[in-house]
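These notes concern the structure reproduced below.
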Amino acid sequence: MRYADGPKVDCEVHVEAAVERVWELVTDIRLPAGLSPELYRVAWLDGADRPEVGARFEGHNRHPRLGEWRTVSHVVELDERRVFAWAVTDADGVFGEPALDPARSLASWRYELRAEDGGGTRLRQSALIGPGPSGVTRAIEHRPDQEEAIIAFRLDALRTGMEATLNGIKELAEQAD
């Protein structure tokens with residue numbers, strides 16, 4: 001897969017809890033900071049205190065190869081108890097020109113929730129890399145002949161983080177019921 005193809009990864013889990021409880025957890029933007037191996041701090045910006053389309057939040061990340069950096073995310077879709085999605089921008093220009101336009105995001109993230117017939121909730125998380133510059137594009141610039149391997153490596157790292165986050169949400173949601 002090439003960067004221009006829009007590399008994407010999806011993970012999902014069945015949660016033995018009501019959609020309302022799972023929704024409460026996935027819309028708590030601070031929760032993944034305790035579950036993710038890369039994201040370690042999150043805070044709402046501009047006086048926001050909950051997700052709504054157009055709201056922004058900052059995330060602080062660290063990675064062994066990339067160091068630490070800050071992103072600014074924009075809530076781009078919110079369908080109560082069904083979809084929560086945000087575009088991550090490179091506001092500080094860590095990976096290129098500073099970008100606050102969600103259309104030039106370095107990644108887009110999405111949670112989808114669905115009540116299951118037998119009870120509980122199907123929770124799906126997805127991440128799309130690009131189209132804006134990121135650590136992936138920086139790595140590809142240094143080793144263009146390794147583009148597919150670089151993307152596969154990043155998608156695998158994202159999958160690992162997403163599985164940790166989803167399993168953490170599952171555990172918290174099921175404890176509450």
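Worth a mention:
- In the range 87-96 there is at least one residue matching the filter, namely being of a type in the set (Asp, Glu), in contact (Cβ under 8 Å) with a residue 40 or more places away in the chain and touching a Gly at 6+ places or on another chain (Cβ under 9 Å).
- Some residue of the range 148-161 being of a type outside the set (Val, Ile, Thr), at pLDDT 95 or above, within 21 Å of ARG41 (Cβ to Cβ) and within 14 Å of the chain's Cα centre (by Cα): no
- Condition broken by GLY67, with the remaining ones in (1) at pLDDT 95 or above; (2) closer than 27 Å to PRO98 by Cβ satisfied: (1)
- Here the range 13-52 is the region considered, the condition is being touching a helix residue (DSSP H, G or I) at 6+ places or on another chain (Cβ under 7 Å) and assigned to a strand (DSSP E or B), and the residue that is surrounded by the most Cβ atoms within 10 Å (Cβ to Cβ) is VAL15.
- Matching residues, the range 85-132, being surrounded by fewer than 16 Cβ atoms within 10 Å (Cβ to Cβ) and under 15 Å from SER73 (Cα atoms): ASP92, GLY93, PRO98, LEU100, ASP101, ALA103
The values are calculated or read from the model by the stated rules, or taken from the named source; none is laboratory data. Fair warning: this is a prediction, and the values are worked out from it, not measured in the lab. Note that we place each Cβ from the backbone using ideal geometry, even for glycine, and neighbour counts take in every protein chain shown.
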